[in-house]
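Input: a single structure, listed below in structure tokens.
Where a number appears in this text, it was derived from the coordinates with a stated rule and is not lab data. Since we're looking at a predicted model, the values are computed, not measured. Heads up, the Cβs are rebuilt from the backbone with ideal geometry, glycines too, and the neighbour counts pull from every protein chain shown.
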Amino acid sequence: MNKIISFIASVAAIAATGCTSYEIDMPENPAAPVIGNEVSTNVIYQANPRFFGENDCLKGLTSQLSRISDMDCDILWVMPVYETGELNGIGSPYCIRNFKSINPRYGTMDDMKELVNSAHSKGMKVILDWVANHTAWDCPWITEHPDWYEKDADGNIVSPSGWSDVAQLNFGNPEVRTAMKDAMFYWVDQLSIDGFRCDYVDGVPHDFWSNVITDLRASHPDMIMLAETANPDYYADGFDMIYDWECATTISTAFNGGKPSSIVKEASEVLAKVPDGKSILRYVFNHDVAAEN
């Protein structure tokens, strides 16, 4: 059964835009509704710890869990909580210096455990943002294992295209794969988290993802794996969810003079490509939308 994964803001409110246009663009003979199992929906709340306090951000987020739960959110997606780099940095939480350390501005490991346990007590699952493709320039791996990184013809470590604040890992090196898998298991074992939202999965080979997801599910069968990509090929790697990149733009256009029916059309086309048992992430707002605007 396909599932629609959506953020807090409901597209049901689109009915309020009817005053902008009365044009009817439905088929002359619409198909009869399908009678079957109810579509299963999860509601994800994306939390940027930095928005919950100048310091002790994790405690600030924990204090808001009742409010978040009351909005019928059943999955809490926490943006990167790890220690970030400073060398060549631009303040991005996706620039990781230490994959096994909490950002001291956010709090401590005990604060993180309290957050996860409190969310679980309220019936919410917790997924952590994971950044496998690259590290900060002052990550210890740079000096300890320079062969873990991609290099140019002159032997200099390179950045991913467009992201000069981070260094590109080389997943052709088996040691990189082992270290990255070990770091992911660290958080599962320490916190009993429920899964990962994996950043820029397209930059990492398919066989790494399929291997690590298989190993994670060997001990944690219900692990939630969300891939930041619109490429359905990643379903075969074991990911439960991928992105619907067009969702936010379609909804925004409908609210600004477009046709409400475009939302149904876009969603139907996307869902038709979702295999049974898999899901699609649909949203109206997230940190990337904020950056773009």
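For the reader, a short list of remarks on this structure follows.
- Full extension of the chain between Glu269 and Glu86 yields a length gain of 61.6 nm, computed as 0.36 nm times the residue separation minus the alpha carbon distance.
- Only Cα pairs under 8 Å and 6+ residues apart enter the sum, and on that basis the relative contact order of the chain stands at 19 percent.
- Diagonalising the gyration tensor over the Cα atoms of segment 123-168 and scaling each eigenvalue by 5 before taking the square root yields semi-axes of 27, 12, 8 Å, largest first.
- Placing a label point 7 Å from the Cα of Asp288 along the Cα-to-Cβ direction, the residues of segment 90-134 with a backbone N closer than 15 Å are 94, 129-133.
- Looking at segment 87-222, the DSSP beta bridges with both ends there are about 50 percent antiparallel.
- Build a GNM of the chain with springs between Cα atoms under 10 Å apart, and of Gln168, Gln46, Gln64 the one that fluctuates most is Gln64.
- Rg/Rh for segment 37-174 stands at 1.07; both radii use Cα atoms, and Rh follows the Kirkwood definition.
- Cα→Cβ-extended label distance, 7 Å offset, between Glu54 and Thr143, nm: 3.2 nm
- GluC sites (Glu not before Pro) lying in DSSP loop within segment 210-293, provided at most 16 other Cβ fall within 10 Å: Glu246
- Two-decimal ratio, segment 198-240, of alpha-carbon radius of gyration to 2.2 N^0.38 Å: 1.05
- Nearest-ten-degree value, helix 174-191 long axis tilted from longest Cα axis of the chain: 70 degrees
- Relative to the current alpha-carbon distance between Asp202 and Ser63, full extension at 0.36 nm per residue lengthens the span by 46.5 nm.
- Förster radius 22 Å - calculated FRET efficiency between Asp72 and Thr249, Cβ distance, rounded to 0.05: 0.30
- Segment 188-268: mean projected area of Cα convex hull, nm²: 6.7 nm²
- Expected 222 nm ellipticity per residue - DSSP helices of 4 or more, -39500 (n - 2.57), all of the chain, to 500: -8500 deg cm²/dmol
- Difference of contour (0.36 nm per residue) and Cα-Cα distance, Ser262 to Met109: 50.6 nm
- Overall Cα dimensions of segment 97-250 - principal axes, largest extent first, Å: 54, 38, 34
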